[in-house]
1. Using the Karplus equation 6.51 cos²θ - 1.76 cosθ + 1.60 (θ = phi - 60°), what ³J(HN,Hα) coupling, rounded to whole Hz, does each residue of region 12-23 give in order, writing x for Gly and Pro?
2. How do 112, 53 line up, fewest other C-beta atoms within 10 Å first?
3. Points 7 angstrom from Cα along the Cβ direction at residue 42 and residue 6: gap in nanometres?
4. Between residue 30 and residue 77, what is the label-point separation in nm under the 7 Å Cα-to-beta-carbon projection?
5. If neighbour count is taken as other Cβ atoms inside 10 Å, put 7, 98 in order from fewest to most.
6. Sorted from fewest to most neighbouring beta carbons within 10 Å, what does the list 9, 78 look like?
7. Is the shape of region 1-71 best called rounded, prolate or oblate, per the rule: a/c under 1.5 gives rounded, else a/b larger than b/c gives prolate, else oblate, with a ≥ b ≥ c the square roots of the Cα gyration tensor eigenvalues?
8. Give, as a single signed number, the net charge of other residues whose beta carbon lies under 10 Å from the beta carbon of residue 34, with Lys and Arg counted +1 and Asp and Glu -1.
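Quick note: the coordinates plus some simple rules give every number you see, no bench work behind them. Just so you know, these numbers come straight off a predicted model, no measurement behind them. Every residue, glycine as well, gets a Cβ built from its backbone with ideal geometry; the counts of neighbours run over all protein chains shown.
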Amino acid sequence: MQPLFDSPKKILDFLTLLETEAKENRDLFDANDWQDLTQLDQALNAADTPDKIAKEIIIWCNRHPKIKNALNTNNWEKRRCDMVDPANPDIPSAPPHSEADIIRNRDKIQRIIQDNQGNNSQNSSED
C-alpha cells in the first residue's frame, strides 16, 4: 500500500521547519513544544525507513496543530532555496532520493532537537 504522503519531502520539510525555528524565528515552537520534541527524538530512534520516519513526524505534528499547519501550508522548498548557502549547504535544495540521505536527515532532525533542549529550558526559566 502506498503512503498518502511523500516521505522524503515530508522529512525534509520538517527538517527545514526545525532549522528555521532553531536558527531564526523561535516563535512557532514554544518551550513546551521543544520539550515535547524529545518524544519525537525517541520515536525516531526506532524509525529506520523513510516511511516510518515521516509517519513519526506526522504523528508528533498531529499533537501540535499549530506546527502541523505551518508544516503543511508553507512553501518549504522555496524556503530551502532561500536558506542554502553554497559554502555551507546544511539543507539540501531538493528532497534526497537515497535512503541513506533520508536517514541522515533523520539524524539532523534529532541533532537539532537535542541541541535545542538546553536552550529552551533556560529560556522558559527566565520568563
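1. 5, 4, 5, 4, 5, 4, 5, 4, 4, 5, 5, 9
2. Lowest count first: 112, 53.
3. 3.3 nm
4. 3.4 nm
5. Fewest-to-most ranking of 7, 98: 98, 7.
6. 78, 9
7. prolate
8. So the environment of residue 34 carries a net charge of -3.
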